[in-house]
Amino acid sequence: DVKVTQSSRYLVKRTGEKVFLECVQDMDHENMFWYRQDPGLGLRLIYFSYDVKMKEKGDIPEGYSVSREKKERFSLILESASTNQTSMYLCASLNREFEVDGYTFGSGTRLTVV
Amino acid sequence: TQLLEQSPQFLSIQEGENLTVYCNSSSVFSSLQWYRQEPGEGPVLLVTVVTGGEVKKLKRLTFQFGDARKDSSLHITAAQPGDTGLYLCAGLLAGGTSYGKLTFGQGTILTVHP
C-alpha cells in the first residue's frame, strides 16, 4: 500500500513563527500536493509539485511556500504564521494510474496559530 | 465562488433510508472522483467516473456522471451507520495540463443514526 506520512497530527504555533509541515510518500510518485481543508470550503489547493525542485502555485498560495529537494518529500512552509492559517493541512501524492487509484492522502496536520 | 457546488452540506438520516448527494458545475470535467473521509484521516477514493452518462455501483452506492460531464451524483441505498462520514466530489478540469490537479466540492457531512 502506498503510504503518505505527515510528520505531525497536531501543531500549535504562535503568530509570526515560521512553520514547516513535512510530507513523505514511499511509492516513488511524481506528483505531490498540499491542500488546506476548512469547514464549508472543502479542500483548496495551496501548491503542487510534479518533479523534484519543480513547483506550481495552486489556488491559494499567498503566505505559503514549498520545497521539494527529494522525490519522496514535499514540505509546506508558512513564512510567518497568521491566525487565518489555522486549518487542517492535507498532503497527497498521485501516481500515473490516476483513474484507478486517485490521490493518496496523508492523515492531515491540524495547525492552530495563536 | 466554488467551481464545484456540492449539496447538501449536511445530511442526517435514519438507518435504512436512501439519500442522494449532488455535485454541480458550469465547467466540463474530464473525470470526476468521489472520496470519503472519516474523522482524523485523509480522504479515501471511492470511485472515478470518466464517460458522460456513466453509472458505477459499489455495493449500496451508485455514482452517476452527467451526460455533459458537468455534474455527478452519489446515491446510497439503505444507509447504515458505517456510511457516516464526509463525502467529497472532486473533478479534473477538461483541457490543459493539470498534473492531476483536482478541484474539490465543499463536502457533505453524512450522519446515519441507528
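Where a number appears in this text, it was derived from the coordinates with a stated rule and is not lab data. Keep in mind that what you see is a predicted model, and the values were worked out from it rather than measured. Note that we place each Cβ from the backbone using ideal geometry, even for glycine, and neighbour counts take in every protein chain shown.
What to note about this one:
- Residue among A:F48, A:F33, A:F20 with the largest mean-square fluctuation in a Gaussian network model of chain A, springs linking Cα atoms under 10 Å: A:F20
- Span from the segment A:1-57 Cα centroid across to the segment B:40-60 one, whole angstrom: 24
- Listed pairs A:K53/B:K101; A:K57/B:K56; A:K70/B:K70; A:K13/B:K101; A:K18/A:K71; A:K3/A:K55 exceeding 26 Å between Cα atoms: A:K57/B:K56; A:K70/B:K70; A:K13/B:K101
- For segment A:19-111, the C-alpha radius of gyration sits at 1.02 times the compact-globule guess of 2.2 N^0.38 Å, with N the residue count.
- Panel order for A:S49, B:S27, by other beta carbons found within 10 Å of each beta carbon, from fewest to most: B:S27, A:S49.
- Sorted by Cβ neighbour density within 10 Å, fewest at the top, the residues B:K56, A:K55: B:K56, A:K55
- Of the residues A:R73, A:R14, the one with the fewest other Cβ atoms within 10 Å heads the list, and the complete ranking is A:R14, A:R73.
- Within chain A, helix-based [θ] at 222 nm, where runs of 4 or more DSSP H residues each add -39,500 (n - 2.57), nearest 500: -500 deg cm²/dmol
- For segment A:1-73, taking the reciprocal of the average inverse distance between every pair of different Cα atoms yields a Kirkwood hydrodynamic radius of 13.5 Å.
- Rounded to the nearest 20 debye, dipole of chain A from Cβ charges on Lys, Arg, Asp, Glu: 500
- Geometric extent, Cα atoms of segment A:58-114 - Rg, Dmax (angstrom): 13.4, 41
- HN-Hα J in Hz across segment A:70-87 - Karplus 6.51, -1.76, 1.60, θ = phi - 60°, x for Gly and Pro: 10, 4, 7, 10, 9, 10, 10, 10, 9, 4, 8, 4, 10, 4, 6, 9, 5, 5
- Along each principal axis, Cα extent of segment B:1-42, largest first, Å: 35, 24, 20
- For chain B, alpha-carbon Rg and Dmax in angstrom: 13.7, 46
- Selected from B:Q80, B:Q37, B:Q14 as most flexible by GNM, with chain B as the system and alpha-carbon contacts under 10 Å: B:Q14
- Placing one equal scatterer on every Cα of the protein assembly as shown and applying the Debye formula, the log10 ratio I(q)/I(0) at q = 0.12, 0.15, 0.18 Å⁻¹ is -0.65, -1.00, -1.34.
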